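To start, the structure under review is shown below, and the notes come after it.
The values are calculated or read from the model by the stated rules, or taken from the named source; none is laboratory data. Note that this is a predicted model, so its numbers are computed, not measured. We place every Cβ from the backbone using ideal geometry, glycine too, and count neighbours over all the protein chains shown. Surface accessibility is based on the protein's heavy atoms, side chains included, excluding ligands, DNA and RNA. Shrake-Rupley method; radii C 1.70, N 1.55, O 1.52, S 1.80 Å.
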Amino acid sequence: MERLTVHASVQYDIFIGNGVRALLGEQLKAMFGAPKVCLLCDSNVAPLHLKEAADALAAQGFSAASFVFSAGEQSKSPETLFSLLEFLAERQFSRKDVLVALGGGVTGDLGGLASALFMRGMHLVQMPTSLLAMVDSSVGGKTAVNLAAGKNLAGVFRQPDLVLCDLDYLRTLPDKDFADGMAEVIKYGMIADRDLFDSVKDGDVKDKLEEIVTACVRIKRDVVSRDEFDTGERAKLNFGHTLAHAIEKESGFSVSHGAAVAMGMVAICAIADAHGFSDVLTFPAVKAAVEHNGLSAVSPFPLPSLFAASVGDKKRSGNAITLVLPSEIGQCRLKTMALERWKELLGA
Ligand SMILES: NC(=O)c1ccc[n+]([C@@H]2O[C@H](COP(=O)([O-])OP(=O)(O)OC[C@H]3O[C@@H](n4cnc5c(N)ncnc54)[C@H](O)[C@@H]3O)[C@@H](O)[C@H]2O)c1
């Protein structure tokens, strides 16, 4: 088991390993006394893992309720958010109580925002069950729901009080969703850790999950500790994401986040290589890593058609956009350019 501590505006621990879900009750008691607990889960994760979590809490004397929503990105919406807030209010939860987000990134983002809004803030525990949520979304405090105009447009920064990253949950994760998480793992390798990139670009990753998840979380922990509110370096975590968010939006969210990130990384590397932004060629290695991990390297939409959706992204400011460009494998840089130049690079 690994234990990492985030030093941001608040300090919190992340436990990573097989079986760490068993720590939930004792950690809640130590941190909050005897709170009421609301377990938040989607309709895929609930039949697999909710009962075990609820039973364990009940056995330790906690009063626990469960809110289950329909699985999928379409539930990361103001409607689901407000249903959850109403549920908490009807069940008389208070600011001293705890919301446990047991699920993937959708559950974590939704639960994070609800925990910040309910009575101006109740406690939050992230228990990620997808690889993507373990390596990325459960740590760092970005929460959001989507609006019709785009991804993650309504949200707040809300650090969790605790993250329990139990690798056992990955045993039930479908291969396609596992591959989505690998897109974010490749991203961490690309932006900060060449050894991590090399360790996942070929060979089997399933026998070194604790090592891989810990490496990713450590990078995210360090970046978030230095730039919690995304005013500089944290933007690097968006490598591949400007085009990914455009692809997700154009597909009506039928292309998953991880799949879109894989396509977005390959596309931005191709652009960087072709226009001399990278110090060495990055496209061949990233394309190979993506494909080795069961992801498609090709956007279903031609790049020129993604321009409009890409500039709705939060990385745009006025007539300029900040891109995360690869310098080499394991290093990237931020570059702000005029929208006209970005349009040209996309061939639009
Ligand atoms: N807040 C952040 O910093 C941040 C970072 C990256 C991504 N995100 C967000 O995360 C979301 C994507 O996360 P995701 O890929 O986990 O999506 P998700 O929550 O929809 O989970 C993917 C699928 O896997 C299923 N699932 C999850 N865990 C399972 C398990 N153990 N067994 C069986 N099925 C399981 C879910 O039900 C779902 O069908 C996007 O909305 C993205 O914007 C947020």
Links exceeding 24 Å between C-alpha atoms in this model, out of 51/249; 236/343; 51/220; 206/236; 187/249, come to 51/249; 51/220; 206/236
Unit-weight point scatterers at every alpha-carbon of the range 2-173, Debye formula, q = 0.11, 0.12, 0.13 1/Å: log10 I(q)/I(0) is -0.38, -0.46, -0.55
Kirkwood radius from Cα pairs of the range 176-345 plugged into Stokes-Einstein at 10 °C, 1.306 mPa s, gives D in µm²/s equal to 100 µm²/s
Rounded to the nearest 500, the 222 nm mean residue ellipticity computed for the chain from DSSP H runs (n ≥ 4, each -39500 (n - 2.57)) alone is -12000 deg cm²/dmol
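State which helices in the chain qualify, where a helix is a whole DSSP H run, it must extend 24 Å or more along its own axis by its Cα atoms, and its mean Kyte-Doolittle hydropathy must be at least 1.0. Present the calculation step by step, with values, prior to reporting the outcome.
On the way: long enough: 175-192 (26 Å, 0.07); 209-226 (26 Å, 0.25); 257-274 (25 Å, 1.60).
Span-like helices here: 257-274.
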Taking r as the C-beta separation of residue 63 and residue 227 and R0 as 22 Å, the FRET efficiency to the nearest 0.05 is 0.05
In vacuo Debye sum over C-alpha of the chain, base-10 log of normalised intensity I(q)/I(0) at q = 0.08, 0.13 Å⁻¹, listed in q order, is -0.36, -0.95
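For the chain, what does the accessible surface come to per residue with a 1.4 Å probe? Please give it in Å². Display every interim value, and only then the final one.
Values: 13770 Å² over 348 residues.
Using a 1.4 Å probe on heavy atoms only, each residue of the chain averages 40 Å².
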Whole-Å distance linking the alpha carbon centroid of the range 251-287 with that of the range 112-150 is 26 Å
With +1 at each Lys and Arg Cβ and -1 at each Asp and Glu Cβ, the charge dipole magnitude of the chain around its Cα centre, to the nearest 20 debye, comes out at 880 debye
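With the full set of protein chains in place, find how many percent of the accessible area of the range 176-345 is carbon and sulfur; take the probe as 1.4 Å.
That fraction is 52 percent.
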